[in-house]
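Here's the structure, in C-alpha cells; my notes come after.
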Amino acid sequence: MSSTLFRTKKVEQSILDTEEPEHALRKSLSALDLTVFGVGVIIGTGIFVYTGSVAKTTAGPAISLSFVAAGVVCVLAALCYAEFASTVPVAGSAYTFSYASIGELPAWIIGWDLVLEFALGTAVVAVGWSGYFRSFLDNNIGWQIPEVLGGRDGASGFGFDLFAALLVLALTAVLVVGMKLSARLTQVVVAVKVTVVLVVIIAGAFIVNTANYDPYIPPSEPVPAGSSLKTPLIQLMFGWAPSDFGVMGIFTGASIVFFAFIGFDVVATAAEETRNPQRDMPRGIIGSLFICTLLYVAVSIVVTGMQKYEDLSVEAPLAEAFKDTGHPWFAGAISFGATVGLITVCMILLLGQTRVFFAMSRDGLLPRFFSLTHPRFKTPYRPTILLGVVIAIVAGFTSLQTLGELVNIGTLFAFIVVAISVIILRRTRPDLHRAFRTPWVPVIPVLSVCASLWLMINLPAETWVRFGIWMAAGFLLYFLYGRTHSRLARGEETRPEQTL
C-alpha cells in the first residue's frame, strides 16, 4: 500500500497533460504580468496595518528589521519555488511539485491545504474590502447600506454582506473570461496601490522626526507565560516564552509580519499560463518579492519616524500618522489605496485556488469534470464558478470576527514541502533541464525548512488544532476517492497523439 501512497508522477507526463486540448490553459502571461500579480497579492492590508500594530506592541522602530528577517525567510522559499516553477511549468504550485518528487499522498495533502488557505483568504479579504467600501460610501456619498445587507458584524439578526459576495462574484467572472483580462485589471489596480505607497514614503519622509527612532530597539519586555490554546506552540512544548521588544522582539515581530508577505507563492500557480515559464517564472517570483520587501521596509521606517511607536494606531497606522501630523488629505488617499488594493489581493487568491483545484482534478484526485477548460477562453471555468459561488456565500454569511486573522500555517507547510522536493528531485532526476537552479543545494532548502518551522512553532496552538482537523478530513477524502480515482492508479497516461 505504501508504494501506491508515494507513487510519483513523471515531470514529462505532467507537462504532456498540459497539452491535452480539452484540459489546456492559454499561455498569455509575461514576466511583467507575473511580477504585477505578485505585487498585487502581497501588497495588501499588511503594509497598511502590520507596520503600526507590530511596531507598537512587539518591535518598536526595529520593525524594519522584522520585515527584513521575514523577507529573508521568503527569499529562501522563493529560490526553491523558482527552480520548480521553471522546471515543471504546470498549474498547481506546491501540489504539482510534490507530486513529481515526494509522492501522491503528500501532493494531495498540500493541495488540500492550499485549497483551504486560498478559500479562507479570499473570503477574509472580501469581507475586509466590503468594510472599507461601506465606509467610503458613508463618508463621501452619505449613503448607508441597510444593516441586513451590511454583514454579520454588528447585525442584530439576519445579516448578509452583499458587497463582499458581489466582489467575489465579479472577480469570478473576470477570471472566467481570461487571464489576460485579469492581468490588465491587476496592472491598473496595482499601479494605483503602489502609487499610494510611494506617496506615503516620499511625503512621510519630509515629516520624519528622528527623535522618534530613539530607542531604535526598545528594552526587552518578557511575555507572561500561558497555558491556553492561544499560546504559541513553542511555549507549550518547551516552556519558552517569546519576548516583546529587544533583539528577540525583532524575530517575534518577524513571525507576525511574515504573513504580510504571503502571496508570492500564488505566482507559481500561473506557471502553465506563462508564455516563457523557464525565463519568466523566476523573474516574476523573485522580482515581486524583492519589490515588496523594499516597500515594506521603507514604509516601516517612515511611519515609525513620523510618530512615536507607542502612539501609533493599531487599526490604521499610516492614515492616523498623517492625520496626527496635520496632513489629513494623505490619510484619505491611503484609505482609498487600501480599498482599491484589496481587490487584486482577493482576485489573485481566488486565481491560486482555482488553479490548484484544476490541477488536482486533471490528475483524477478530484472529479475530472472540473478539469475541462472553456472552449473559447481556455480557462478552468467550472472550478472557478463553483469555488467563486461557494466563497461568495461564505464571505456573505460569515463574520470577520469569526474568520479572524487568517493565520497561514498552510503557506509555511507548503514552503517546507517545496524545499524538500527540490532536494529529492535533484537526486532522483539530475537529468532534468533546469532553467533556474536554486543555489547551494541542499543548504538553501534546509535553511528554508528550518526558518519555516521556526515561524510555524511560534503560531498559536489552536492554529495547529484547526490545521490538524482539516488535514484529517483531507486524509479521509483521499482514501475514499482520490487514491482509487487518480490517473496514476488507473494507469492512464496522456499519449502524444492525444495532444494533436
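Please specify each residue of the stretch 211-270 satisfying the condition of being farther than 30 Å from residue 355 by Cα and among the acidic types (Asp, Glu). Walk me through it before giving the result.
The initial filter retains those residues of the stretch 211-270 that are farther than 30 Å from residue 355 by Cα, namely 211-253.
214, 221, 244 - these are the residues of the stretch 211-270 that are farther than 30 Å from residue 355 by Cα and among the acidic types (Asp, Glu).
Of the residues in the stretch 212-223, not one is at pLDDT 85 or above and within 22 Å of the chain's Cα centre (by Cα).
Elements of the type helices (runs of 4 or more DSSP H) sitting completely within the stretch 9-124 and holding at least 3 residues that are under 30 Å from residue 165 (Cβ atoms): these cover 31-42, 45-54.
When you go through (1) surrounded by fewer than 20 Cβ atoms within 10 Å (Cβ to Cβ); (2) among the small types (Gly, Ala, Ser); (3) over 30 Å from residue 88 (Cα atoms) one by one for residue 319, which number turns out not to apply? Result: residue 319 fails condition (1) only.
Residue count for the stretch 202-223 under the criterion of being closer than 20 Å to residue 323 by Cβ, out of contact with any Lys or Arg (no Cβ under 8 Å at 6 or more places or on another chain) and crowded, with 16+ Cβ neighbours inside 10 Å: the result is 4. Taking the conditions exactly as written (at pLDDT 85 or above, within 19 Å of residue 453 (Cα to Cα) and touching a helix residue (DSSP H, G or I) at 6+ places or on another chain (Cβ under 8 Å)), does residue 81 satisfy them or not? Criteria met by residue 81. Only one of the numbered conditions (1) outside any helix (DSSP H, G or I); (2) in contact (Cβ under 8 Å) with a residue 12 or more places away in the chain is violated by residue 326, and that is (2).
Residue-wise test of (1) buried (at least 19 other Cβ atoms within 10 Å of the Cβ); (2) within 27 Å of residue 93 (Cα to Cα); (3) under 23 Å from the mean Cα position of the chain (by Cα).
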position: 325; (1), (2), (3): no, no, no
position: 332; (1), (2), (3): no, no, no
position: 337; (1), (2), (3): yes, no, yes
position: 342; (1), (2), (3): yes, yes, yes
position: 345; (1), (2), (3): yes, yes, yes
position: 348; (1), (2), (3): yes, yes, yes
position: 357; (1), (2), (3): yes, yes, yes
position: 364; (1), (2), (3): yes, yes, no
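Hey, any hits in the stretch 256-272 for a residue that's buried (at least 23 other Cβ atoms within 10 Å of the Cβ), under 19 Å from residue 183 (Cβ atoms), touching a Lys or Arg at 6+ places or on another chain (Cβ under 6 Å) and in contact (Cβ under 8 Å) with a residue 12 or more places away in the chain? Scanning the stretch 256-272 turns up at least one residue that is buried (at least 23 other Cβ atoms within 10 Å of the Cβ), under 19 Å from residue 183 (Cβ atoms), touching a Lys or Arg at 6+ places or on another chain (Cβ under 6 Å) and in contact (Cβ under 8 Å) with a residue 12 or more places away in the chain.
So residue 117 fits all but one of (1) farther than 12 Å from residue 343 by Cα; (2) at pLDDT 85 or above; (3) out of contact with any Lys or Arg (no Cβ under 6 Å at 6 or more places or on another chain); (4) crowded, with 23+ Cβ neighbours inside 10 Å; what number is the exception? Looking at each condition in turn, residue 117 falls short on (2). Exactly one residue out of 137, 167, 171 is among the hydrophobic types (A, V, I, L, M, F, W, C), within 29 Å of residue 329 (Cα to Cα), part of a helix (DSSP H, G or I) and modelled with pLDDT of 90 or more: that is 167. Taking the numbered list (1) outside any helix (DSSP H, G or I); (2) at pLDDT below 90; (3) surrounded by 21 or more Cβ atoms within 10 Å (Cβ to Cβ); (4) not basic (Lys, Arg) in turn, residue 438 passes all entries but (2).
The residue of the stretch 74-101 that is nearest to residue 436 (Cα to Cα), among those that are out of contact with any Leu (no Cβ under 9 Å at 6 or more places or on another chain) and of a type in the set (Val, Ile, Thr), is 90. Would you be able to say whether some residue in the stretch 47-70 is closer than 25 Å to residue 356 by Cα and modelled with pLDDT under 90? For the stretch 47-70, residues closer than 25 Å to residue 356 by Cα and modelled with pLDDT under 90: absent. Evaluating residue 261 against the criteria (1) aromatic (Phe, Trp, Tyr); (2) more than 30 Å from residue 326 (Cβ to Cβ); (3) at pLDDT 80 or above; (4) more than 29 Å from the chain's Cα centre (by Cα) leaves one unmet condition, (4). Considering every residue within the stretch 243-254, establish whether at least one is at positive phi, surrounded by fewer than 23 Cβ atoms within 10 Å (Cβ to Cβ) and not in a helix (DSSP H, G or I). Yes, the stretch 243-254 contains at least one residue that is at positive phi, surrounded by fewer than 23 Cβ atoms within 10 Å (Cβ to Cβ) and not in a helix (DSSP H, G or I). Each residue in the stretch 274-289 was checked for being in contact with a helix residue (DSSP H, G or I) (Cβ under 6 Å, 6 or more places away or on another chain) and either among the basic types (Lys, Arg) or at pLDDT below 85 (or both), and 1 of them qualify. Considering the stretch 252-277, and only residues there that are aliphatic (A, V, I, L, M) and in contact with a Cys (Cβ under 9 Å, 6 or more places away or on another chain), the residue that is nearest to residue 84 (Cα to Cα) turns out to be 262. Looking only at residues of the stretch 83-108 that are among the hydrophobic types (A, V, I, L, M, F, W, C) and surrounded by fewer than 24 Cβ atoms within 10 Å (Cβ to Cβ), we find that the one that is nearest to residue 11 (Cα to Cα) is 102.
The values are calculated or read from the model by the stated rules, or taken from the named source; none is laboratory data. The shown structure was predicted, so the numbers you read here are calculated from the model rather than taken from an experiment. In this analysis, Cβ positions are derived from the backbone assuming ideal geometry, glycine residues included, and neighbour counts consider all displayed protein chains.
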